[in-house]
Amino acid sequence: MLSRRVLQSTCLSAARRSNAKLWTLGRLNHVAIAVPDLDESTAFYRDTLGAEVSGKDDLPEHGVTTVFVNLPNTKLELLHPLGEKSPIAGFLEKNKKGGIHHICIEVDDIRAAMKSCADAGIRLLNKEPKIGAHGKPIVFLHPADCNGVLTELEEA
Ligand SMILES: C[C@@H](C(=O)O)C(=O)SCCNC(=O)CCNC(=O)[C@H](O)C(C)(C)COP(=O)(O)OP(=O)(O)OC[C@H]1O[C@@H](n2cnc3c(N)ncnc32)[C@H](O)[C@@H]1OP(=O)(O)O
Ligand SMILES: [Co+2]
């Protein structure tokens, strides 16, 4: 009679061999909005809507300056281009007043999630996890493979 532990480890290794999904999708971490004027947009959420907002954070490795708008159940990430090669410059060219740029969903294991997505033919926009605004590993999935929505995964 196989002990419970042996049975469990056998099932787990079978799941690993079958590449079964060994990670979990979590909360909506943030909705990112690209804005042409960061001060004006920050004032709108803070003064007009009464939201609690963070200070500005320059992230040269991402080519953006961010301000986070803290909501009870998620956050808005206000994005403004930083530097010559900002990945959001093209987006703002096309959307002069700004617009929703991406969504960010939490995962418990970024590398397992990246492998599942790559195996499913979803294009990863960074081959290795990068460190995002919250100091956590992140990956971006190509919008064309995600219903037209640029999708960021953050390991939480
Ligand atoms: C700090 C961090 C954090 O939260 O921790 C962040 O969020 S950093 C946030 C900033 N970093 C990133 O966004 C990194 C990932 N983003 C990228 O690599 C880029 O933005 C791409 C998604 C590859 C798009 O680049 P770019 O605009 O230069 O390319 P492109 O103009 O040729 O666009 C290629 C196609 O993608 C579409 N496209 C472009 N940006 C899009 C967006 N935000 N949402 C949905 N579709 C988008 C275009 O319409 C076009 O579609 P058609 O081909 O149909 O015309
Ligand atoms: Co983001």
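List every residue pair whose Cβ atoms lie under 9 Å apart, where the two residues are 6 or more positions apart in sequence or sit on different chains, the first residue falls within the range 130-156 and is open to solvent by less than 50 Å² (accessible area, probe 1.4 Å), and the second residue, located anywhere, is in a helix (DSSP H, G or I) and of a type in the set (F, W, Y).
L150/F91
Just to verify a result, which residue in the range 38-72, among those that are free of Cβ contacts under 8 Å to residues at least 12 places away in the same chain and exposed (fewer than 14 other Cβ atoms within 10 Å of the Cβ), is nearest to E154 (Cα to Cα)?
Ranking the candidates gives P72 first.
Residues checked against (1) touching an Asp or Glu at 6+ places or on another chain (Cβ under 6 Å); (2) away from ligand 2 (no atom under 16 Å from the Cβ); (3) among the β-branched types (V, I, T):
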| residue | (1), (2), (3) |
| --- | --- |
| D108 | no, yes, no |
| R111 | no, yes, no |
| K115 | no, yes, no |
| K127 | no, yes, no |
| V149 | no, no, yes |
| E152 | no, no, no |
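With the structure loaded, tell me whether A118 is modelled with pLDDT under 95, more than 10 Å from ligand 1 (Cβ to nearest atom) and surrounded by fewer than 16 Cβ atoms within 10 Å (Cβ to Cβ) or whether it fails that test.
It is false that A118 is modelled with pLDDT under 95, more than 10 Å from ligand 1 (Cβ to nearest atom) and surrounded by fewer than 16 Cβ atoms within 10 Å (Cβ to Cβ).
With the requirement that a residue be closer than 20 Å to I33 by Cβ, of a type in the set (A, V, I, L, M) and not in a loop (DSSP other than H, G, I, E, B), what does the range 133-156 give you?
Across the range 133-156, the qualifying residues are I138, L141, L153.
Kindly establish whether G132 is of a type in the set (G, A, S) and on the phi > 0 side of the Ramachandran plot.
When the stated conditions are applied, G132 does not pass them.
For the subset of the range 80-94 comprising residues that are of a type outside the set (F, W, Y) and near ligand 1 (Cβ under 6 Å from one of its atoms), which member is least open to solvent (accessible area, probe 1.4 Å)?
The qualifying residue least open to solvent (accessible area, probe 1.4 Å) is I88.
The values are calculated or read from the model by the stated rules, or taken from the named source; none is laboratory data. Predicted model, so just to flag it, every value in this text is computed and none were measured. Because the Cβ atoms are built from the backbone with ideal geometry, glycine has one as well, and the counts that use them run over all protein chains shown. Surface areas here come from the heavy atoms of the whole protein model, side chains and all, with no ligands, DNA or RNA. Shrake-Rupley method; radii C 1.70, N 1.55, O 1.52, S 1.80 Å.
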